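The values are calculated or read from the model by the stated rules, or taken from the named source; none is laboratory data. As the structure is a computational prediction, the values presented were derived from the model and not from experiment. Methodologically, a virtual Cβ is constructed for each residue, glycine included, from the backbone with ideal geometry; neighbour enumeration extends over all protein chains shown. Accessible surface areas use protein heavy atoms only, side chains included; no ligands, DNA or RNA. Shrake-Rupley method; radii C 1.70, N 1.55, O 1.52, S 1.80 Å.
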Amino acid sequence: LEVEATPTTKCPGEAKLHKLLKPFLPDIWFRDQTLKHVIYKMQLHFYRPLSSAPSNSPPSEPDLTSFHSFSFDPSAPDYTSLLSDELLLNILSKLPISQHVSNSLVCKRWLHLHGRLVYSLKVADWSFVTSGRVFTRFPNLTDLDLVRSCIQMPKSSGIIVTHKTMSVHVDAHFILDGFLEETALLPSNAVDQGLRMIAGKYPNLQRLAATGASEEGLLRIAEECPTLQELELHCCGDLALRGIAGIKNLQVVKLMGFIGVFYNSTISDIGLTLLAQGCRRLVKLELCGCEGSYDGIKAIGQCCQMLEELTLSEHRMDGGWLAGLSFCGNLKTLRLRSCKSIDKSPGADEHLGSCLTLEELHLQGCQIRDKQSVKALFLVCENVRDIVLHDCWGLEDDVFSLASICRRVKLLSLEGCSLLTIRGLELVVLSWKELQRLRVMSCNNIKDTEVTPELATLFSVLKELIWRPDSRSLLSSNLAGTGMGRKGDRFFKRSKD
């Protein structure tokens, strides 16, 4: 609205307007002539009588006695009511996901339509499932995470304990075996009841994560959800794994048997064998805190011939399990995370075998002080192309020298390996004739000043080189171009007394 007025312009009804609005608006509204005319023009616009034919007579002065009922934000008709749900849903789906929550607050209709656009959900309150509200609010879910809701802890405690895979509220007192009491987990029959409801409402479910489920609930999921492809189970035993045998299209499985200070369940060779015989289309398998041995890994390798990725976190495997990897005929990636040992007794080298198709070996947060187990690991993975070692304890020069067994390495990534020196690094990387990429970060015993001419020559022919081995080199790279750190620079001039 543009209003042009001079200070000398006189508007009819100005005195009445001033008198009426004076108690409610600050003085600045009445010192500024333009603002006064804006308010007056707004009054004329909203109080002008509506007629089909334009009037030639000048507009009459508005009745300012009814000014108190004037709204600066009048409610407009809802034109979206003319659109069908399908059309409006199509429009809302084109908007950025970041706007979906704010759009759902417009009205109840938009809230309902927003629920139809949500396909992934993490449930924190179990009553949201048992009451049926989750099915009404989100009818099209394909990804449902129930892990947090299966743990009943008071949210008013204000203390949150976070693990690598979950976060829970805990009481102020510490239980002898951990933070969670046995009563903190929902009983299996309650979890199974919820799974039965979910199976009946979400036949197109593709991913499910739950805690404490038993065979009965998983059997119902297998019967009613034929499209399920990914399953994550926490705190489940061996016998519960019989329930997933009927999920024919299951491709990704994550089993959480033991998580320190949270819960402890046993998944042994029995459970691994049941899993292998029932889920023959597995592509990715992650075992966290699981027990087992050579027999369990062998069963997985023989039955799950499509398995491409195997991850073991904090495993409690018996000695000799490494030899079972040779039966994984299509395995491409092996990951070990937070493992206190690789294999306590791997056995004779000639009985280990090897994974001929393995391409990537990742070790993160593992203890690799035992030379025998590290040697057995590299023998099994002798055809590996990529080796990634992050924050591994005990990686000294003589331990790392065992990696020279792998002759076809093209990528080496080292991070947080503080015991390794440049001598041990050079001994291995110069023996790899196919090395193309090298990443060395936060390895404080590797110094820039100790780089040999042979190693420098190798650096010059690599396709990728990331070289930030120690804190001094990292600081130098961050200060490059700033002028700081040079002798005699203005940042380091000695002050005069």
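Tabulated data for the structure shown
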| quantity | calculated |
| --- | --- |
| The stretch 100-119 - residue that is farther than 21 Å from S84 by Cβ and without any contact (Cβ under 8 Å) to a residue 24 or more places away in the chain and, of those, least open to solvent (accessible area, probe 1.4 Å) | S102 |
| Qualifying helices (runs of 4 or more DSSP H) (wholly inside the stretch 358-457; at least 2 residues being over 31 Å from the mean Cα position of the chain (by Cα) and closer than 27 Å to L307 by Cα) | 371-380 |
| Matching residues in the stretch 114-129 - criterion: being at pLDDT 90 or above and assigned to a helix (DSSP H, G or I) | S127, F128, V129 |
| Flag if K298 is open to solvent by 40 Å² or more (accessible area, probe 1.4 Å) and at pLDDT below 90 | no |
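Residue by residue, here is whether (1) open to solvent by 10 Å² or more (accessible area, probe 1.4 Å); (2) in contact (Cβ under 8 Å) with a residue 60 or more places away in the chain holds:
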site	(1), (2)
H234	no, yes
D238	yes, no
L250	no, no
E291	yes, no
E308	yes, no
